[in-house]
Amino acid sequence: GDSVTQMEGPVTLSEEAFLTINCTYTATGYPSLFWYVQYPGEGLQLLLKATKADDKGSNKGFEATYRKETTSFHLEKGSVQVSDSAVYFCALYTGDYKLSFGAGTTVTVRA
Amino acid sequence: NAGVTQTPKFQVLKTGQSMTLQCAQDMNHNSMYWYRQDPGMGLRLIYYSASEGTTDKGEVPNGYNVSRLNKREFSLRLESAAPSQTSVYFCASSSKGAALSGANVLTFGAGSRLTVL
């Protein structure tokens, strides 16, 4: 079935460091891809999305490019802040109302 | 503020007890979902309702029932709680247009933490 595999954490970084979280997917069709973020004590919220190959999603300094040839959607940010500490989820949607999530990657940014 | 509201936020049950988690959205969304979140497993879909009047099983439906009461409300019931159902439960919703377009962006509630002893 359709699924996503994302880098296991936890990840601990210093402020202003570069962050990358790997995400690869398996899908029979042409999925849409998402990154959701969960801040402590809150529900998930959409961070960015891409709906077709070569699309780049971006928001709050985060970017991810939909790479069909490598079936990947890696999340990157050039300079993280303490406020970026959260759990990040890669997700995939193939059009049947069901969004499939990865296991989540916990990121902690230290001042 | 518009969004998805879940109640209760916390609940402790004994094995065999029953309870219902309530969810309501005020964004006029057609589709609603219940997920559970467990460490190392991400979010797994329990049940969803594509539109008012319909419900379908997700990945992990055993031990749960749902009711789409109206367009706004979607409840999740545990008839006989088990320790394996200890989890954080999230309700979410999305618009019909998003679901059909391929960019199904979900709006999530804040979660309900359930502990079954």
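The values are calculated or read from the model by the stated rules, or taken from the named source; none is laboratory data. None of the values given here were measured: they were computed from a predicted structure. For neighbour counting, all protein chains shown are included, and Cβ atoms are generated from backbone atoms with ideal geometry for every residue, glycine included. All accessible areas refer to the heavy atoms of the entire protein, side chains included, with ligands and DNA or RNA removed. Shrake-Rupley method; radii C 1.70, N 1.55, O 1.52, S 1.80 Å.
Being on the phi > 0 side of the Ramachandran plot and open to solvent by less than 60 Å² (accessible area, probe 1.4 Å) narrows it down to one of A:Gly61, A:Gly57, A:Gly41, A:Gly29, so name that one.
Within the list A:Gly61, A:Gly57, A:Gly41, A:Gly29, the selection yields A:Gly61.
Looking for something within 11 Å of chain B (Cβ to nearest Cβ), within 20 Å of B:Phe108 (Cβ to Cβ) and assigned to a strand (DSSP E or B) - is there at least one such residue anywhere in the range A:52-68? Give the derivation first.
Within the range A:52-68, the first condition is being within 11 Å of chain B (Cβ to nearest Cβ), and the residues that meet it are A:52, A:55, A:57.
Next cut, within 20 Å of B:Phe108 (Cβ to Cβ) only: A:57.
From what is left, the residues that are assigned to a strand (DSSP E or B) are A:57.
There is at least one residue in the range A:52-68 that is within 11 Å of chain B (Cβ to nearest Cβ), within 20 Å of B:Phe108 (Cβ to Cβ) and assigned to a strand (DSSP E or B).
Scan the strands (runs of 3 or more DSSP E) fully inside the range B:1-70 and keep the ones with 1 or more residues being under 15 Å from B:Leu114 (Cα atoms) and of a type in the set (S, T, N, Q).
The strands (runs of 3 or more DSSP E) meeting that bar are B:4-7, B:10-13, B:19-25, B:31-38.
For the range A:26-41, what are the residues that are more than 11 Å from the chain's Cα centre (by Cα) and either of a type in the set (A, V, I, L, M) or assigned to a loop (DSSP other than H, G, I, E, B) (or both)?
Result: A:Ala27, A:Thr28, A:Gly29, A:Tyr30, A:Pro31, A:Tyr39, A:Pro40, A:Gly41.
Which residue pairs have Cβ atoms closer than 8 Å, lie 6 or more positions apart in sequence or on different chains, and pair a first residue in the range B:48-75 that is within 21 Å of B:Pro8 (Cβ to Cβ) and away from every other protein chain (no Cβ under 14 Å) with a second residue that is part of a loop (DSSP other than H, G, I, E, B) and open to solvent by less than 40 Å² (accessible area, probe 1.4 Å)?
If the second residue must be part of a loop (DSSP other than H, G, I, E, B) and open to solvent by less than 40 Å² (accessible area, probe 1.4 Å), the pairs left are B:Gly63/B:Ala82.
Looking at the range B:31-45, can you tell me whether even one residue there is facing chain A (nearest Cβ under 9 Å), in contact with a helix residue (DSSP H, G or I) (Cβ under 7 Å, 6 or more places away or on another chain), within 22 Å of A:Leu33 (Cβ to Cβ) and surrounded by 20 or more Cβ atoms within 10 Å (Cβ to Cβ)?
Scanning the range B:31-45 turns up at least one residue that is facing chain A (nearest Cβ under 9 Å), in contact with a helix residue (DSSP H, G or I) (Cβ under 7 Å, 6 or more places away or on another chain), within 22 Å of A:Leu33 (Cβ to Cβ) and surrounded by 20 or more Cβ atoms within 10 Å (Cβ to Cβ).
Name every residue in the range B:88-116 that is at pLDDT 95 or above and either more than 14 Å from chain A (Cβ to nearest Cβ) or farther than 20 Å from A:Gln38 by Cα (or both), in order of residue number.
The answer is B:Leu114, B:Thr115, B:Val116.
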